[in-house]
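What follows is a single structure, written as structure tokens, with notes after it.
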Amino acid sequence: MRKQIVAGNWKMNMNLQEGIQLAKSINDYFCEKPAKKAEVILCTPFIHLSGVAPILKADKLSLGAQNCASEVSGAYTGEVSADMIKSTGAQYVILGHSERRSYYHEDNALLNKKTVIALKSGLKVIFCCGEVKEERESGKHFDVVKKQLEEGLLNLPVGDMKNIVIAYEPVWAIGTGLTASPEQAQEIHKFIRTLVEKHYGKTVAEEMTILYGGSCKPSNANEIFSKPDVDGGLIGGAALKKEDFTAIVEAF
Ligand code: PEP
């Protein structure tokens, strides 16, 4: 049985005290009412990681970062390395989010390098892919996702795949209120699983967790998560409110 996951991406929101408050309230909630199916991951800003790590005591509640440096260590002012992230107690890192790809020009080669470094540090990687609106409208979304995954991820050794989670996030659905229909999500998740199978075989493909992200909320999560190739969600805006986030986790 492959793992189901709901990961919250806090992006650049909340100061340290507010973040700790939210983490505490989410932890308290899941201590009282453990998540039945999914592993729950809080992906916080770097600055929050070491403060949030000791708070997360609930079963199946994990911690992640939203990016890491593309070098291991050294004179890279302002960067945060994968080893540093790991040393806070975090287990995951998101790489290839569309905001990193578009605002910071992170390309597939750079993301491949970051992924290798993150895995070497012992982090699990949530690797994002997804097309922009024009690509979807012109029917290029399959090619775009294929290229992102083949150049960024699917050239790694097979043994690394157990530490990878793929997140399909159509850019036109991120923070816009627009959501892929459950059928659109299923279609491309199935495509991604088939692509993984082509590179690594059936067992690896069947065990790969593939998340949907893009305006996921309590009102639509259940329908999207019920599709056979959708194994959970990467949640942005709704991850900042305990009630919405926990309701999405319970949508399974
Ligand atoms: C995201 O940024 O990963 C995301 C899915 O955002 P939102 O849920 O706000 O669309």
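Rule-based calculations on the coordinates, nothing more; no lab input. Computed from a predicted model, the values in this text were never measured in an experiment. Counting neighbours? That spans all protein chains shown, and the Cβs are built from the backbone with ideal geometry, glycine included.
Highest mean first, the peptides 144-155, 161-172 sorted by other C-beta atoms within 10 Å per residue fall in the order 161-172, 144-155. Within straight-line reach of LYS113, meaning a Cα separation under 17 Å, sit the following aspartates and glutamates at least 8 residues removed in sequence or on another chain: GLU71, GLU79, ASP83, GLU150, GLU151, ASP160. Remark: segment 42-133 projects, on average over all directions, an area of 6.5 nm² (convex hull of Cα atoms). Remark: segment 212-217, residue by residue, has Karplus-estimated 3J(HN,Hα) of 9, x, x, 6, 6, 9 Hz, where x stands for each Gly or Pro and the curve is 6.51 cos²θ - 1.76 cosθ + 1.60 at θ = phi - 60°.
Legend: calculated FRET efficiency, LYS33 to MET12, from the Cβ-Cβ distance at R0 = 45 Å, rounded to 0.05, equals 0.95. The relative contact order of the chain, computed from alpha carbon pairs under 8 Å that lie at least 6 residues apart in sequence, is 21 percent. With a simple spin-label model that places each label point 7 Å from the Cα along the Cα-to-Cβ direction, the separation between LYS57 and HIS105 comes to 4.8 nm. Any idea what diffusion coefficient segment 8-164 gets from Stokes-Einstein, in µm²/s, Kirkwood Rh on alpha carbon pairs, 10 °C, 1.306 mPa s? It comes out at roughly 96 µm²/s. Take 28-38, 73-83 and order them by the average number of nearby Cβ atoms within 10 Å per residue, most first; the result is 28-38, 73-83. Placing unit charges on the Cβ atoms of the charged side chains and taking the dipole of segment 99-252 about its Cα centre, the candidate lying farthest along the positive direction among GLY159, ILE188, GLY177 is GLY159. For the pair GLU206 and SER181 in one chain, pulling the backbone fully straight at 0.36 nm per residue adds 6.7 nm over the alpha carbon distance.
Give the whole-number value, in cubic angstrom per residue, of the convex hull volume spanned by the C-alpha atoms of segment 109-252.
Details: hull volume 16.1 nm³, N = 144.
Hull volume over Cα atoms, normalised by residue count, gives 112 Å³.
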